[in-house]
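Scroll down for the structure; my scribbles are underneath it.
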Amino acid sequence: MKVLVVGKGGREHAIVKAISLSKQVDKLYCAPGNPGMSNIATLVPIQETDITNLVEFAKREKIDLTVVGPEASLALGIVDAFKKENLNIFGPTKEATQIESSKEFAKKIMKKYHIPTANYESFNSFDNADQYLKKAKYPIVIKFDGLAAGKGVIIANNYEEANKAIEDIFINKVFGDGNIIIEEFLEGPEFSLMAFVGNNKVYPMVLAQDHKRAYDHDLGPNTGGMGAYSPVDFITDEDINYAIEKIMKPTINGLWQEGIHYEGVLYGGLMKTKDGIKVIEFNARFGDPETEVVLPRLTSDIVSIFMGISSNNHNFDVKWANEKTVGVVLASKGYPGKYQSGFLIEGLDKVDALVYHMGTKLINNNYYTNGGRVLFVVAKGKTIDKALEKVYQEINKIHCDNLYYRTDIAYQALSTKRGEKND
Ligand code: AMP
Ligand code: GLY
């Protein structure tokens, strides 16, 4: 079988790695991919948003299965374009991707099908939003309705901050044209539940938690994710069951009733509040960096899952190892603000852990930094504590003048265990 993965980050590196373990695969491509995966996949120099050329490539090479990583490709309608040409592809259509690309669409579905989430109102003008904000309770959450590279969510602590946010959105148009939703501020630990979905059926993956803030103790600006781990032990089996039965399944079934037959991965960004588990956001794809800590725990053949779902023959297993994973991102100093690239990375060959490349460049057999988030190192262990010890031990072998990382990844998982025996 010939398989193509679309995307170029750490998430796609993890998807490529999982696919490379399948005995069914003879030839594996990634477009555009990254140099860290070039030992297991052939890199194809076509950008993830160049749908026309991706279709052409898949036709020419007779690709049997295409798997899509990034939201940008999905929101552009890559799945519709492939299906129109009778090419087999795993991912949601453009219409179904609205569960991520339009916050208002997602909220409407949640309201109609009684999925627990923060209360909200939508606004399409500065004046209406401003009126509402004058009388609102704080903190409050303002969300730009569209893809804003993770930056479209503002938590305003008072009217002045809220007013500044809507001025930026409606008047300065910092995210381009679009509306907003304003929603109730929720509190509690967050976690991510991803599921394989097809034919109105939901196959949950194991849980993960990511760390969005740049610095230790969850301080500093929001990033694309500075680390992740799996599983998330402070979320009980009862919570997980609730999240599957009352959130993931009814959302997919609600979409089904709307005539949208969701196929692909549904990502639930969930929060355990004092009033129960609630949805913070849905994504229409594998999460990043969650995928990099979740897929190494999959013991079933991922290609059988993708093929089974896309051919409507659900004759596959979705099994997970008991092993725990902890992953730490090595980012360029300055990220998520301004940073420099082009620094030599040494010692990678000595690392005894999974190393996913997020932003590197290969020149004359040497890797150099080439992005904000550069590497994601993931270790496995019998316990979270052991995986954690291992990941930091292995990171010490990597030398580069311009990288930093958080030293407290998985702290919530450890503090609940402190003093207990967890072997
Ligand atoms: P989102 O892009 O919707 O996931 O939002 C980014 C981050 O903002 C989330 O991971 C939360 O930490 C925070 N956030 C979003 N919505 C809320 C909310 N209603 N209450 C509290 N925090 C929120
Ligand atoms: N980790 C959050 C995301 O993938 O959007």
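Can you tell which of GLY268, GLY276, GLY337, GLY347 is surrounded by fewer than 22 Cβ atoms within 10 Å (Cβ to Cβ) and farther than 27 Å from CYS400 by Cβ?
Values: GLY268 fails: surrounded by fewer than 22 Cβ atoms within 10 Å (Cβ to Cβ); GLY337 fails: farther than 27 Å from CYS400 by Cβ; GLY347 fails: farther than 27 Å from CYS400 by Cβ.
Testing whether each residue is surrounded by fewer than 22 Cβ atoms within 10 Å (Cβ to Cβ) and farther than 27 Å from CYS400 by Cβ leaves just GLY276.
If I filter region 85-118 down to residues being away from ligand 1 (no atom under 16 Å from the Cβ) and hydroxyl-bearing (Ser, Thr, Tyr), which single residue comes out as surrounded by the most Cβ atoms within 10 Å (Cβ to Cβ)?
Step one: list which residues in region 85-118 are away from ligand 1 (no atom under 16 Å from the Cβ), which gives 85-96, 112-114.
Still in the list and also hydroxyl-bearing (Ser, Thr, Tyr): 93, 113.
On the way: THR93: 21, TYR113: 16.
In this case the residue turns out to be THR93.
What single numbered condition from (1) among the hydroxyl-bearing types (Ser, Thr, Tyr); (2) assigned to a strand (DSSP E or B); (3) away from ligand 1 (no atom under 16 Å from the Cβ) fails to hold for SER304?
(2)
If you check PRO70, PRO45, PRO35, which single one turns out to be touching a Leu at 6+ places or on another chain (Cβ under 7 Å) and either away from ligand 2 (no atom under 16 Å from the Cβ) or of a type outside the set (Ser, Thr, Tyr) (or both)?
Details: PRO70 fails: touching a Leu at 6+ places or on another chain (Cβ under 7 Å); PRO45 fails: touching a Leu at 6+ places or on another chain (Cβ under 7 Å).
Matching residue, one of PRO70, PRO45, PRO35: PRO35.
Give just the number: which of (1) in a helix (DSSP H, G or I); (2) surrounded by fewer than 20 Cβ atoms within 10 Å (Cβ to Cβ) does TYR368 not satisfy?
If we test TYR368 against (1) in a helix (DSSP H, G or I); (2) surrounded by fewer than 20 Cβ atoms within 10 Å (Cβ to Cβ), just (1) comes out false.
Being under 24 Å from the mean Cα position of the chain (by Cα) and loosely packed, with under 15 Cβ neighbours inside 10 Å is the filter here, so list the residues in region 301-332 that pass it.
The answer is ASP317, LYS319, ALA321, ASN322.
Looking only at region 290-321, count how many residues are of a type in the set (A, V, I, L, M) and under 19 Å from TYR356 (Cβ atoms).
In the first step, residues of region 290-321 are kept if they are of a type in the set (A, V, I, L, M); the result is 293-295, 298, 302-303, 305, 307, 309, 318, 321.
Next, from what is left, pick out any that are under 19 Å from TYR356 (Cβ atoms): 293-295, 298, 302, 321.
Here the count works out to 6.
Which residues, counting only those in region 263-291, are within 14 Å of ligand 1 (Cβ to nearest atom), out of contact with any Lys or Arg (no Cβ under 6 Å at 6 or more places or on another chain), not hydrophobic (A, V, I, L, M, F, W, C) and not in a strand (DSSP E or B)?
Those that are within 14 Å of ligand 1 (Cβ to nearest atom), out of contact with any Lys or Arg (no Cβ under 6 Å at 6 or more places or on another chain), not hydrophobic (A, V, I, L, M, F, W, C) and not in a strand (DSSP E or B): LYS274, ASP275, ARG285, GLY287, PRO289, GLU290.
For region 286-325, which positions are in contact with a Gly (Cβ under 9 Å, 6 or more places away or on another chain), of a type in the set (S, T, N, Q) and modelled with pLDDT under 95?
Within region 286-325, SER310, ASN312, ASN315 meet the criteria.
In the set GLY152, GLY225, GLY188, GLY198, which member is within 11 Å of ligand 1 (Cβ to nearest atom), surrounded by 20 or more Cβ atoms within 10 Å (Cβ to Cβ) and touching a residue at least 12 places away in the same chain (Cβ under 8 Å)? Quick ask: steps written out before the conclusion?
On the way: GLY152 fails: surrounded by 20 or more Cβ atoms within 10 Å (Cβ to Cβ); GLY188 fails: surrounded by 20 or more Cβ atoms within 10 Å (Cβ to Cβ); GLY198 fails: within 11 Å of ligand 1 (Cβ to nearest atom).
So the residue among GLY152, GLY225, GLY188, GLY198 that is within 11 Å of ligand 1 (Cβ to nearest atom), surrounded by 20 or more Cβ atoms within 10 Å (Cβ to Cβ) and touching a residue at least 12 places away in the same chain (Cβ under 8 Å) is GLY225.
Just for region 282-312: of the residues that are in contact with a Ser or Thr (Cβ under 9 Å, 6 or more places away or on another chain) and of a type in the set (D, E, K, R), which one is farthest from ASN222 (Cα to Cα)?
ASP301
Which one of these is in contact with a His (Cβ under 8 Å, 6 or more places away or on another chain) and either more than 17 Å from ILE235 (Cβ to Cβ) or assigned to a strand (DSSP E or B) (or both): PRO250, PRO336? Give the derivation first.
Numbers: PRO336 fails: in contact with a His (Cβ under 8 Å, 6 or more places away or on another chain).
Of PRO250, PRO336, the one residue that is in contact with a His (Cβ under 8 Å, 6 or more places away or on another chain) and either more than 17 Å from ILE235 (Cβ to Cβ) or assigned to a strand (DSSP E or B) (or both) is PRO250.
Any chance region 119-136 includes a residue that's crowded, with 17+ Cβ neighbours inside 10 Å, closer than 22 Å to LEU74 by Cβ and in contact (Cβ under 8 Å) with a residue 24 or more places away in the chain?
No.
Select from region 233-263 the residues that are within 12 Å of LEU207 (Cα to Cα) and touching a residue at least 40 places away in the same chain (Cβ under 8 Å) and list them in ascending order.
Answer for region 233-263, where residues must be within 12 Å of LEU207 (Cα to Cα) and touching a residue at least 40 places away in the same chain (Cβ under 8 Å): ASP233, PHE234, ILE235, ILE240, ALA243, ILE244.
Just give me the residues in region 384-412 being basic (Lys, Arg), farther than 19 Å from ASP218 by Cα and not in a helix (DSSP H, G or I), in sequence order. So that I can check it myself, show each step before the final result.
Just the residues of region 384-412 that are basic (Lys, Arg), to begin with: 386, 390, 397, 406.
With farther than 19 Å from ASP218 by Cα added as a condition, the list becomes 386, 390, 397.
Residue satisfying the conditions is LYS397 alone.
Would you mind stating whether VAL294 is more than 13 Å from ligand 1 (Cβ to nearest atom), in contact (Cβ under 8 Å) with a residue 24 or more places away in the chain, among the hydrophobic types (A, V, I, L, M, F, W, C) and out of contact with any Cys (no Cβ under 8 Å at 6 or more places or on another chain)?
Working: more than 13 Å from ligand 1 (Cβ to nearest atom): yes; in contact (Cβ under 8 Å) with a residue 24 or more places away in the chain: yes; among the hydrophobic types (A, V, I, L, M, F, W, C): yes; out of contact with any Cys (no Cβ under 8 Å at 6 or more places or on another chain): yes.
Answer is yes for this residue.
The values are calculated or read from the model by the stated rules, or taken from the named source; none is laboratory data. For clarity, every value in this text was computed on a predicted model and none was experimentally measured. All Cβ positions, glycine included, derive from the backbone under ideal geometry; neighbour counts span all protein chains shown.
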